[in-house]
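> Structure provided below as structure tokens; questions to follow.
The values are calculated or read from the model by the stated rules, or taken from the named source; none is laboratory data. These numbers come from a predicted model, not from an experiment. Here the Cβ positions follow ideal geometry from the backbone for every residue, glycine too, while neighbour counts run over all protein chains shown. Side chains are part of the model used for accessible areas, which takes the heavy atoms of the whole protein and leaves out ligands, DNA and RNA. Shrake-Rupley method; radii C 1.70, N 1.55, O 1.52, S 1.80 Å.
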Amino acid sequence: MTADGYVAESLPEWLYRATEKWPDVRWCRAPDGAATRSEIVERAERACGTLRQAGVDHGDLLLIVLPNGLGFLDAWFGTIFAGGISAAMNPRAMITELPAVLEAIRPATLIVEDEDRDEIGGLTSGWSGRILSSGELSGGTRTAAAKLEPGSWASLIQSSGSTGKPKFVIETHSMYTLAADGFPYWLGLGEQDRLYTSLPLSHINAQVYSTLGSFGCGASLELRSTFSASQFWDDVAESGATEFNAIGAMLEIMLRAAPVAAEKNHSVKRCYTGPAPSERVHREFEERFGVQIVVGYALSESPYGLVCQTGEDNPFGSSGRPRQHPVLGVINEAELRDDSGATVTDRVGELVLRNPAITPGYLHPDGTVESPVRDGWLYTGDLMWRDADGRYFFAGRKKEVIRRRGENVSPGEIEAVADRHEGVLSSAAVGVPSDLSEEDIKLFVKTADCGSADLRSIAEWVNERVPPYKRLRYIEAVEDWPLTETQKIAKRHLSRERNKCEIDLEAVQ
């Protein structure tokens, strides 16, 4: 694929090219040190040498269980330089999740922290691969990266579906490089910027947007191990960051944190987030912290989704328009489809995407690949609607659609109404078993006064603003949400059982 001199590259080729342009300027500061681009490439080549000497072959799958830091980058880039395929998981989930992940993807090599090297045996029973520690990677002979095709597999990203069953999404080299080219363009970032992230490097956001996005545009990266609302602004101010990424409930968590002086004394200009926050959260965040929120939509299956690109007029709640490439131009198309696959324009439908940065599919334990692509289009599983100006608005997950009285109800539509209530901080709508077959609608709410709000009045307020077939039957308050690792509400952990804490709006009083 070429345009205006653009040539598709593998990730090592792309990293080498960026390093030639900015070799000796400090790129990354992390909990375990700092490095320029040249130093990072040298470290990757040494890790590549270690892996090759250990017997890692082209196409081998390596599982990285390391915290955010230069050590993770050594393992990740070293794996790719060796021609391997990386997978990663947060070390905080090692005890509970490692055996299942090993069984699901059967990696040839496991890379862990030095202190875990000799203590991990009990978690790897039945698995016969090799174990390396992160400290071993630095001692190898510098070995140049393998020659790889842009369309070859680069990594697996673990993505939890709405059922909670993990899926391993295949990422290609071109998915990484196209998105890394795009992110600075979408947000207006360049050499003068410093990107900050505390999101886990085991997920696509921190990998492709913050890490590779900064690497490829001449910006620098402040990489932190964990997110802490109480320390966030002090850390950001000290770092001199100009941009950070937030996902899921992070914006709300930051708004609830006690004010600190640093939240008004920092260099941050933009925060990239998705999905779109409520209008209340959006306004309050920008006003309190003096930061512009840039909303986008993407998924592990394609980092080319939608974005409210800077400089454009974007209404609250919008996920924007299809993302495009700064050199290749229009490479991404979006449509809405109904259950039959027909295109819809005047109502909610499933978002489908067509672009060159789409996954080959999901890898199953038996080695087979299941593709979410039909006729060249990625079926995202996410429901949206589109306004007259071509901007898309999230309406919920297709698998979470509530079936009530013969009608399909998107939870996101209910939540968008509930979140406008002044007493509601956030909400989650789910389907629960109905006496009349199908489902009734239950709304969980987190309130501004920690649960002492009049839930019945909130429910009635919502029901006055939705069609009859979307009206609530139950409402219940929560103190805190069950969250996924990426700070999204884990709806599967919200109980569908009747309990004394909920209010039944149809019960006789």
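> Quick check: net charge around SER302, other residues with Cβ under 12 Å of its Cβ, Lys/Arg +1 and Asp/Glu -1?
-2
> Provide, for q = 0.10, 0.12, 0.13, 0.16 Å⁻¹, the log10 of I(q)/I(0) from a solvent-free Debye sum over equal Cα point scatterers in the stretch 207-358.
Taking Cα atoms of the stretch 207-358 as identical point scatterers yields -0.42, -0.59, -0.68, -0.98.
> What fraction of the Cα pairs in the chain, stated in percent, has a spacing above 28 angstrom?
It works out to 55 percent of all Cα pairs.
> Dividing the Cα radius of gyration by the Kirkwood radius, what Rg/Rh value follows for the stretch 1-114?
That ratio is 1.02, to two decimals.
> How far is the Cα center of the stretch 237-306 from the Cα center of the stretch 33-61, in Å?
Computed from Cα coordinates, the inter-centre distance equals 33 Å.
> Keeping every protein chain in place, order LYS446, LYS488, LYS398, LYS147 by accessible area at 1.4 Å, biggest value first, i.e. largest first.
Sorted descending by solvent-accessible area, the residues read LYS147, LYS488, LYS398, LYS446.
> Once the Cα gyration tensor of the stretch 401-460 is diagonalised, what are the square roots of 5 times its eigenvalues, in whole Å and ordered largest first, as equivalent ellipsoid semi-axes?
In descending order the semi-axes read 23, 12, 8 Å.
> Over the stretch 447-492, what portion of Cα pair distances is larger than 16 Å, expressed as a whole percent?
So the pairs more than 16 Å apart make up 54 percent of the total in the stretch 447-492.
> Sticking with this one: Take every Cα-Cα distance within the stretch 241-290, group them into 5 Å bins from 0 onward, and report for each bin the whole-number percent of pairs it holds.
Using 5 Å bins, I get a P(r) of 4, 19, 33, 31, 12, 1 for the stretch 241-290.
> Quick one: pull the percent of accessible area on the stretch 450-500 belonging to carbon and sulfur, 1.4 Å probe, ligands and nucleic acids left out.
Ligands and nucleic acids excluded, carbon and sulfur give 47 percent.
> Whenever you get a sec, compute what percent of the accessible area on the stretch 1-97 sits on carbon and sulfur atoms (1.4 Å probe).
Summing carbon and sulfur atoms, their accessible area is 50 percent of the total for the stretch 1-97.
> Over the residues of the stretch 389-509, compute the C-alpha Rg and express it relative to 2.2 N^0.38 Å.
Rounded to two decimals, the normalised Rg is 1.02.
> How much accessible area per residue does the chain have, in Å², with a 1.4 Å probe?
41
> Then there's this: Would you pull out the residues with amide H under 5 Å of VAL307's amide H, same chain only if 5 or more places away, H placed 1.01 Å from N?
Distant-sequence amide H within range of VAL307: TYR297, ARG321, ARG323.
> What number, in percent, do you get for the relative contact order of the stretch 1-108 if the mean sequence gap of Cα pairs under 8 Å and at least 6 apart is divided by its residue count?
Taking the mean separation of contacting Cα pairs over the length of the stretch 1-108, I get 24 percent.
> Any chance you could tell me what percent of the C-alpha pair distances in the stretch 95-188 go past 21 Å?
Here the long-distance tail beyond 21 Å is 55 percent of all Cα pairs in the stretch 95-188.
> A further question on this structure: Under Stokes-Einstein, with the Kirkwood radius over Cα pairs standing in for Rh, what whole-number D in µm²/s applies to the stretch 193-297 at 37 °C and 0.692 mPa s?
239
> Subtract the Cα-Cα distance of ALA100 and GLU238 from 0.36 nm times their separation in residues, and report this length gain in nm to one decimal.
In short, 45.7 nm is gained.
> Taking Cα pairs under 8 Å and at least six residues apart, what relative contact order does the chain come out at, in percent?
After rounding, I find 11 percent.
> Taking 1 over the mean of 1/r across every pair of different Cα atoms in the stretch 327-368, what Kirkwood radius in Å do you get?
Taking every pair of different Cα atoms in the stretch 327-368, averaging 1/r and inverting gives 12.8 Å.
> Magnitude of the Cβ-charge dipole of the chain, K/R +1 and D/E -1, about the Cα centre, nearest 20 debye?
So the dipole magnitude of the chain works out to roughly 360 debye.
> What do you get for Rg/Rh of the stretch 64-133 when both radii come from the Cα atoms and Rh is the Kirkwood radius?
Rg/Rh: 0.92.
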